[in-house]
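See structure below.
The values are calculated or read from the model by the stated rules, or taken from the named source; none is laboratory data. Computed from a predicted model, the values in this text were never measured in an experiment. Cβ: placed from backbone, ideal geometry, glycine included. Neighbour counts: every protein chain shown. The area values use the complete protein model at the heavy-atom level, side chains included, leaving out ligands, DNA and RNA. Shrake-Rupley method; radii C 1.70, N 1.55, O 1.52, S 1.80 Å.
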Amino acid sequence: MQMNEAMEQRSKPTVLEQAGGTKGLVYSALPVVAFVVANSLAGLRTAVVVAGLVAVAITVNRLLRRESVQPALGGLVGVVIAAGFTWYTGSAKDYFLLGIWASLAGAVVFVLSVLVKWPLAGVIWNGATGKGTIWRADRSSRRYFNVATLTLATIFGARFVVQKYLYDNDEVGSLGAAKIVMGYPLLAVGLLVVAWAAKASDRRLRAAGLLPARKH
């Protein structure tokens, strides 16, 4: 029984793996670092081109290595949109503007989902794992996912407050650092809370007979 449980634990992706692994952390930071450095050394137009080329290179590298390109493609789209917007406005700090407002939108949506009693952490997790909406039949499960959802909302809100402050004060270099530090590292914290909520909820649902007992 203990061996089966250990094997099951090993088969589950870790928080780092869910965030794209170590490579995912590095890949997400590279376009931002490239943009900030190139902007300080060669100006805005060069920075936009360099950031775009780095994002494309990351995507091609993953394709050649036959690795999952989903994280890279998401990053590439984000970089292209941010770079295009920056090129249009002519302001280096606008490279970060889309992400800043996206963080605010994320915070609002996650809070609203708790208010309407459909916490998004529970909806997304249980939908992805095939459990549907059975978790909503248990009050404690809803409470667990409320905590996870509000944790994610807090992370999004913190990103918005800090990065908007830096944006308003034209701190391009600090914006780049904040985007990296408040990106995957904070997301990993949020995923830890979601994993806790999911485990606690599953335990409750099995005890209530709403989920099949775990096989040993």
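Hey, any hits in the stretch 44-64 for a residue that's among the polar types (S, T, N, Q), within 20 Å of LEU175 (Cα to Cα) and open to solvent by 70 Å² or more (accessible area, probe 1.4 Å)? No; the residues of the stretch 44-64 include none that is among the polar types (S, T, N, Q), within 20 Å of LEU175 (Cα to Cα) and open to solvent by 70 Å² or more (accessible area, probe 1.4 Å).
Scanning the stretch 165-203 for residues that are touching a Leu at 6+ places or on another chain (Cβ under 8 Å) and of a type in the set (D, E, K, R) gives a single hit, ASP202. Which of the residues that make up the stretch 83-100 are closer than 13 Å to ARG45 by Cα and part of a helix (DSSP H, G or I)? ALA83, GLY84, PHE85, THR86, TRP87, TYR88, THR89, ALA92, LYS93, ASP94, TYR95 - these are the residues of the stretch 83-100 that are closer than 13 Å to ARG45 by Cα and part of a helix (DSSP H, G or I). Is at least one residue of the stretch 110-117 in contact with a Lys or Arg (Cβ under 8 Å, 6 or more places away or on another chain), at pLDDT 90 or above and either open to solvent by 50 Å² or more (accessible area, probe 1.4 Å) or not charged (D, E, K, R) (or both)? Yes, some residue in the stretch 110-117 is in contact with a Lys or Arg (Cβ under 8 Å, 6 or more places away or on another chain), at pLDDT 90 or above and either open to solvent by 50 Å² or more (accessible area, probe 1.4 Å) or not charged (D, E, K, R) (or both). Selection of the stretch 118-133 for residues being open to solvent by 60 Å² or more (accessible area, probe 1.4 Å) and at pLDDT below 95 yields ILE124, TRP125, ALA128, THR129, GLY130, THR133. Among the residues of the stretch 27-39, those that are touching a helix residue (DSSP H, G or I) at 6+ places or on another chain (Cβ under 7 Å) and over 15 Å from GLY75 (Cβ atoms) comprise VAL36, ALA38, ASN39.
Across the stretch 159-188, the number of residues qualifying as surrounded by fewer than 15 Cβ atoms within 10 Å (Cβ to Cβ) and either closer than 20 Å to ALA148 by Cα or of a type in the set (A, V, I, L, M) (or both) comes to 3.
All conditions in (1) within 27 Å of SER201 (Cα to Cα); (2) not in a helix (DSSP H, G or I) hold for ARG66, with the sole exception of (1). Restricting the stretch 134-152 to residues that are of a type in the set (Ser, Thr, Tyr) and within 21 Å of ALA207 (Cα to Cα), the residue that is surrounded by the fewest Cβ atoms within 10 Å (Cβ to Cβ) is SER140. Within the option set ALA83, ALA55, ALA107, being under 26 Å from VAL181 (Cβ atoms) and at pLDDT 90 or above holds for one residue only, ALA107.
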